[in-house]
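What follows is a single structure, written as structure tokens, with notes after it.
The values are calculated or read from the model by the stated rules, or taken from the named source; none is laboratory data. As the structure is a computational prediction, the values presented were derived from the model and not from experiment. Neighbour counts run over all protein chains shown; Cβ positions are idealised from the backbone, glycine included. The area values use the complete protein model at the heavy-atom level, side chains included, leaving out ligands, DNA and RNA. Shrake-Rupley method; radii C 1.70, N 1.55, O 1.52, S 1.80 Å.
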Amino acid sequence: MGSLSLGTPYVPPHRLVGAALDGEATLAGIVLTELRLPRLALALAAGACLGAAGLVLQEALRNPLAVPEMLGVSSGAALGVAAPLVLTLSVPLAVQPLLAIGGAALGGGLTLLAAGLGRSPSAVLLTGAAVAAALQAALLVLMVMADQLDLQLIYRYLLGSLSARTWDDVAGLWPWLLAAVPALVLCAPVLSVMRLGDEDAEALGVRARRARLVALAVAVVLIAPVTAACGPVAWVGFLAPHLARRFLPGAGAVRWLSWSAAWGAVVVTVADVPARLALAPVETPAGAWTALLGVPAGVALMRSGDGRTRRGRSGGAASGAASVGPPGDAQDALPARPPAGGRNGSGAGAPGDGSVVAGGAADGEEAR
């Protein structure tokens with residue numbers, strides 16, 4: 001509501017419907033229908049795409065830090081859009097999503113190739129950080145080559161801005177979003193299996209490497225059109241999945257996916273309000289606000305989640321210890337020491353002796 005009402009001119013909430021129906025007849029109608037409504041629609045769609053992509057990457061790589069910014073996907077998409085601008089190549093608006101998808105696929109493909117085609121989730125994440133740094137260096141080279149006017153445009157674009165977006169930008173994003181929805185529906189059950197680990201996933205019939213490649217492809221389809229329309233809006237894919245897990249701690253990847261998309265839309269929409277009004281009449285990029293607020297909030301959510309996990313584990317351990325019996329029965333629960341003849345000279349038990357480790361540990365205590 002605030003994204004439609006606040007600003008110059010101010011439109012009271014009870015006048016929003018009337019101003020929208022007035023259309024071009026009044027100044028408030030023009031501002032509402034031609035500027036604020038498409039900006040709101042783009043913020044909702046972009047946030048939903050980034051939130052869903054963040055959860056897909058985190059679940060596929062089993063790492064809460066796996067975000068588009070760390071895998072070269074966002075940097076590659078930004079490079080694909082910024083390069084024609086600097087090189088003065090005339091590119092139609094409808095082709096820009098294809099350039100962004102090509103750049104995002106380049107960044108993600110380089111990450112997977114350098115990491116051995118997704119051999120290890122940790123290797124993919126670390127390699128992705130290096131690829132993202134290399135692509136950002138290429139963007140800096142382009143910025144050095146640009147003239148002053150192009151430099152301002154590229155700088156604002158790379159921070160992720162919703163300024164001066166129209167219905168044409170929204171229309172260019174929706175087809176890709178509709179194409180990604182069936183892929184997300186098919187991908188969500190596989191993400192639940194991937195959380196078990198590669199070995200368990202293979203045992204259940206899921207090929208881990210292939211599933212990781214498919215997950216990255218789905219993330220590319222979600223991220224690249226958003227980057228083409230409004231630039232890389234930073235760290236939405238990091239914060240939205242943590243918010244979904246925070247408010248639905250017992251749910252699985254299927255439910256988290258929809259809630260992560262919803263939280264992503266909320267985050268981008270809320271961040272766009274101070275982007276328009278905080279330094280009015282100068283607009284700041286929305287991506288600056290999502291990064292400024294999203295990173296500390298996501299870290300705080302991760303720390304609180306880890307604290308609850310540790311408390312749950314300690315509580316489970318205490319209840320398990322209490323179920324053994326009274327303190328006097330503790331000695332009865334301990335395994336008996338093996339006879340001296342059951343150990344060889346090195347402190348190891350016989351091949352069939354089940355108390356090898358206990359015996360070796362006891363000998364170590366006596367030696368000390």
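Binned at 5 Å from 0, what are the whole-percent values of the Cα-Cα distance distribution for the stretch 180-244, short to long?
Values per bin, smallest distances first: 4, 15, 21, 22, 19, 12, 5, 2, 0.
With θ set to phi - 60° and the Karplus curve 6.51 cos²θ - 1.76 cosθ + 1.60, what are the ³J(HN,Hα) couplings of the stretch 120-128 in order, to the nearest whole Hz, using x for Gly and Pro?
With the stated coefficients, the stretch 120-128 comes to 9, x, 5, 5, 4, 5, 5, 5, x Hz.
Would you please classify the overall shape of the stretch 6-152 from the alpha carbon gyration tensor, given that a ≥ b ≥ c denote the square roots of the eigenvalues, rounded means a/c under 1.5, and beyond that prolate means a/b larger than b/c while oblate covers the rest?
Judged from the Cα gyration tensor, the stretch 6-152 comes out oblate (a/c at least 1.5, b/c at or above a/b).
Kindly report the accessible area of the stretch 8-115 per residue (heavy atoms of protein chains, probe 1.4 Å, no ligands, DNA or RNA), in Å².
Ligands and nucleic acids excluded, the figure is 40 Å² per residue.
Just to check I understand the Karplus step: with θ = phi - 60° and J = 6.51 cos²θ - 1.76 cosθ + 1.60, what whole-Hz values come out for the stretch 30-43, glycine and proline as x?
Along the stretch 30-43, the couplings run 5, 5, 5, 7, 9, 10, 7, 5, x, 5, 5, 4, 5, 5 Hz.
Residues in the stretch 234-249, backbone N under 20 Å from the label point at Leu6 (7 Å along the Cα-to-beta-carbon vector): list them, ranges by number please.
Residues 234, 236 qualify, since their backbone N sits under 20 Å from the label point.
Hey, got a sec? Which trypsin sites (Lys or Arg not before Pro) in the stretch 102-169 land in a DSSP loop and have at most 15 other Cβ atoms within 10 Å?
When the trypsin sites (Lys or Arg not before Pro) of the stretch 102-169 are filtered for loop state and at most 15 Cβ neighbours within 10 Å, Arg119 remain.
If I model a spin label as a point 7 Å beyond the Cα along the Cα-Cβ vector, how far apart are those points for Gln136 and Arg195 in nm?
About 3.0 nm separates the two model spin labels.
Could you order the peptides 108-115, 56-63 from most to least packed, using the average number of other C-beta atoms within 10 Å per residue?
So the order, starting with the most tightly packed, is 56-63, 108-115.
Met194: net charge of surrounding residues, Cβ under 10 Å, Lys/Arg +1, Asp/Glu -1, itself excluded?
That works out to 0.
Relative to the present Cα-Cα distance, how much length would full extension add between Leu35 and Arg255 at 0.36 nm per residue of separation?
Residue separation times 0.36 nm, minus the Cα-Cα distance, leaves 75.9 nm.
Extension gain Val185-Glu24, at 0.36 nm per residue separation less the Cα-Cα distance, in nm?
Stretched fully, the Val185-Glu24 segment lengthens by 53.9 nm.
If I model a spin label at Phe247 and Met302 as a point 7 Å from the Cα along the Cα→Cβ vector, what separation in nanometres do I get?
2.2
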